[in-house]
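Since the structure comes first, as structure tokens, the remarks are kept for the end.
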Amino acid sequence: MIKAVIFDLDGVIVSTDDLHYKAWKHMADLEKIDFDKKINHRLRGVSRRESLNIILEKATKKYSDQEKEELASIKNNYYVELLNKLSPKDILPNVNEVLRILKDKGIKIAIGSSSKNAKNILNHIKLIDMFDVIADGHDIKHSKPAPDVFLIAAKRLGVDPKDCIVVEDAVAGIEAAKRADMIAVAVSDAKKSDLADYKFDHINALLSLI
Ligand code: BG6
Ligand code: MG
């Protein structure tokens with residue numbers, strides 16, 4: 001029986017893909033590293049540091065840990081500037097309606113995001129008080145495809161993982177949901193995943209599972 005829905009944030013509740021892309025591109029251009037939208041796709045759901053390592057596959061020099069820290073900060077500072085422009089208008093279609101219906105049906109709702117900016121984003125789009133639980137990049141050592149962020153969310157909700165649905169736009173997130181023994185709903189890019197239990201074009205289709 002479904003008792004909770006855990007939503008990924010970036011790409012499910014709000015579209016920050018392009019902002020991540022612009023911020024990484026800013027850093028990559030400064031370092032003269034090739035970076036394009038195809039590589040950006042590989043960063044979905046993946047932590048900041050792991051994303052940087054993927055981008056540095058194209059670098060011609062080796063970076064020390066401290067240099068990597070600096071590059072990640074350059075990206076994040078730029079990204080945080082861009083986040084300041086986010087508003088409730090940036091919430092993806094049907095999301096507000098779906099959240100409201102789930103709450104009315106007594107289903108718990110949570111965020112399970114790899115991002116350390118999750119609360120900042122939720123504040124900007126004015127959804128911070130909507131969720132029963134927020135588990136984010138600050139809570140975990142291992143980001144998706146590790147199941148950690150979803151297991152933490154379920155534990156805080158007091159709900160058995162088997163009774164949770166995860167909604168994800170990232171292939172890594174679908175794998176994380178299955179490793180957490182949850183029902184995995186894929187939207188957007190995650191529909192490529194062979195592991196998804198359901199693939200939906202629109203997020204409101206998930207209401208058919210409740
Ligand atoms: C995920 C995004 O939600 O958060 C990734 O899909 C991103 O692209 C990751 O790298 C970490 O985000 P942040 O905000 O902590 O740099
Ligand atoms: Mg995502």
* **Highest-MSF residue in the chain out of Gly106, Gly11, Gly45 [GNM, Cα springs under 10 Å]** => Gly106
* Over region 54-210, with every protein chain in place, what whole percent of the accessible area is carbon and sulfur at 1.4 Å, could you tell me? => 47
* **region 1-105 - accessible surface per residue (Å², probe 1.4 Å)** => 56
* Straight-line reach from Lys192: which lysines have Cα under 19 Å away, leaving out those fewer than 8 places along the same chain? -> Lys37, Lys38, Lys144, Lys178
* Structure fact -> Hits in region 1-25: amide N under 12 Å from the 7 Å Cα→Cβ extension of Ile54, namely 21
* To do: Give a residue-ordered list of calculated ³J(HN,Hα) values for region 137-153 (Karplus: 6.51 cos²θ - 1.76 cosθ + 1.60, θ = phi - 60°; whole Hz; x for Gly, Pro).
  => x, 6, 8, 10, 8, 10, 8, 3, x, 5, x, 3, 5, 6, 5, 5, 4
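The values are calculated or read from the model by the stated rules, or taken from the named source; none is laboratory data. Bear in mind the structure is a predicted one, so any value in this text is a computation, not a measurement. Glycine also receives a Cβ, built like all others from the backbone with ideal geometry; neighbour counts cover every protein chain displayed. Quick note on the areas: whole protein, heavy atoms, side chains included, nothing else; ligands and nucleic acids left out. Shrake-Rupley method; radii C 1.70, N 1.55, O 1.52, S 1.80 Å.
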